[in-house]
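First up is the structure itself, then whatever we jot down about it.
The values are calculated or read from the model by the stated rules, or taken from the named source; none is laboratory data. These figures come from a predicted structure and were not determined experimentally. Positions of Cβ are backbone-derived with ideal geometry, glycine not excepted, and every protein chain shown enters the neighbour counts. To get the accessible areas, we keep the full protein, side chains included, count just its heavy atoms, and leave off ligands, DNA and RNA. Shrake-Rupley method; radii C 1.70, N 1.55, O 1.52, S 1.80 Å.
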Amino acid sequence: MAEAFDELAVAVKSSKAREGGEGLDAACFSHACARVSVLFSCLGIAFKFAEMDYVAKVEDLKSASKSITTLESMLQLDIEQDTVRKAGSHTRNLLRVKRGLDMVRVLFEQILASDGNSLRDPASVAYAQVFAPHHGWAIRKAVAAGMYALPSKSQLLRKLNEKSSARVHMQSYVATSASIIHYVHELFFVRDLGIDW
């Protein structure tokens with residue numbers, strides 16, 4: 001996962017560096033994002049909704065990338081077709097994927113900053129910062145109840161087969177994903193699409 005985001009961060013830098021460049025390759029982006037779904041599945045029932053939603057959105061972006069080459073082109077097509085905020089639009093799916101990436105970034109930051117073996121506090125902070133503002137009361141309550149079923153840090157690392165190098169990979173993901181999340185964030189803002197929907 002960390003390696004895929006290292007490569008994607010390089011692509012983001014080169015995309016920004018080119019004046020009037022074509023944009024970020026949608027297939028490269030969706031490939032890197034697909035790697036994150038493994039983490040959601042390891043978090044158990046508390047994040048099952050996120051896993052299902054995230055995987056579906058990434059699959060849509062992967063499928064779209066076969067005919068739409070860049071993220072910028074995806075957004076532009078939805079703007080032209082007036083489908084930006086419609087359920088199932090590539091733009092809406094990209095926004096949801098961005099939130100998933102951001103949730104993992106915050107989760108890793110919290111894991112790296114915390115002591116102990118519990119994931120409850122790091123996961124609660126990540127959920128509260130990223131997903132909770134977009135969820136209704138019922139979903140927030142269900143997630144809060146599910147937090148008690150999270151695996152421990154050591155169980156999560158065992159599931160991911162990442163015992164010794166986990167800290168390094170988490171730090172790498174936190175660093176590289178921040179630029180990617182910011183890049184996607186800017187795609188929405190330069191087009192006056194906002195992200196609070």
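Scanning the range 29-58 for residues that are within 13 Å of the chain's Cα centre (by Cα), in a helix (DSSP H, G or I) and not hydrophobic (A, V, I, L, M, F, W, C) yields a count of 7.
Conditions (1) of a type in the set (A, V, I, L, M); (2) within 22 Å of F47 (Cβ to Cβ); (3) surrounded by fewer than 22 Cβ atoms within 10 Å (Cβ to Cβ); (4) at pLDDT below 95, marked per residue:
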position: T69; (1), (2), (3), (4): no, no, yes, yes
position: L77; (1), (2), (3), (4): yes, no, yes, no
position: Q81; (1), (2), (3), (4): no, no, yes, no
position: K86; (1), (2), (3), (4): no, no, yes, no
position: N93; (1), (2), (3), (4): no, yes, no, no
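Cβ separations smaller than 9 Å between residues 6+ apart or across chains give the following pairs from the range 76-96 residues that are free of Cβ contacts under 8 Å to residues at least 24 places away in the same chain to residues that are surrounded by fewer than 13 Cβ atoms within 10 Å (Cβ to Cβ): D78/K86; S89/Q81; R92/K86; R92/W197.
Among the residues examined, S165 qualifies as within 23 Å of L8 (Cβ to Cβ) and loosely packed, with under 15 Cβ neighbours inside 10 Å. Residues in the range 126-140 that are open to solvent by less than 50 Å² (accessible area, probe 1.4 Å) and in contact with a helix residue (DSSP H, G or I) (Cβ under 7 Å, 6 or more places away or on another chain): A126, Y127, V130, F131, A132. When L112 is tested against (1) open to solvent by less than 40 Å² (accessible area, probe 1.4 Å); (2) modelled with pLDDT of 95 or more; (3) not polar (S, T, N, Q), only condition (2) is not met.
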